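Derivation of every value follows stated rules applied to the coordinates shown; laboratory data play no part. Keep in mind the model is a prediction, meaning the values are calculated, not measured. All Cβ positions, even for glycine, are placed from backbone atoms using ideal geometry, and neighbour counts span all protein chains on display.
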Amino acid sequence: QVQLVESGGGLVQAGGSLRLSCAASGIIFSIYTMGWYRQAPGKQREWVATTTSGSTTNYADSVKGRFTISRDDAKNTVYLQMNSLKPEDTAVYYCNAVHMWGNYWGQGTQVTVSS
């Protein structure tokens, strides 16, 4: 059974930082492309960042320079370090694992940035 469990969300003031974690089980973590997505109220889910099995990273323009995605294959965990947070970063953040063998989602963690 595949599980992706996010943690680390919360309430933070604008300009602050949070680090999200996503612990994976039930997959061969090292071969999966791992990503973070987010969904704000009334909006569609949008891509935030991705790290491939070779640790190549890509970012949405809206978070480039502020967010950093990383992975620890030994711990089956992907992280999202979020700095200089803005109120528009408020959303539910979802972890995603994708490979030709499957596409999996976590349950999400709420991030709220107050102005």
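Please check: in the Gaussian network model of the chain (C-alpha springs, under 10 Å), which one of Lys43, Lys86, Lys64 has the largest mean-square fluctuation. In the Gaussian network model the winner is Lys43. Taking Cα centre as origin and charging only the Cβ of basic (Lys, Arg, +1) and acidic (Asp, Glu, -1) residues, the dipole magnitude of segment 45-115 rounds to 60 debye.
For a label point 7 angstrom out from the Cα of Ala40 toward its Cβ, which stretches of segment 99-115 have the backbone nitrogen within less than 12 Å? Counting backbone N atoms under 12 Å from the label point, the list is 113. Semi-axes of the equivalent ellipsoid for the chain, computed as √(5λ) from the eigenvalues of its C-alpha gyration tensor and ordered from largest down, come to 23, 14, 13 Å.
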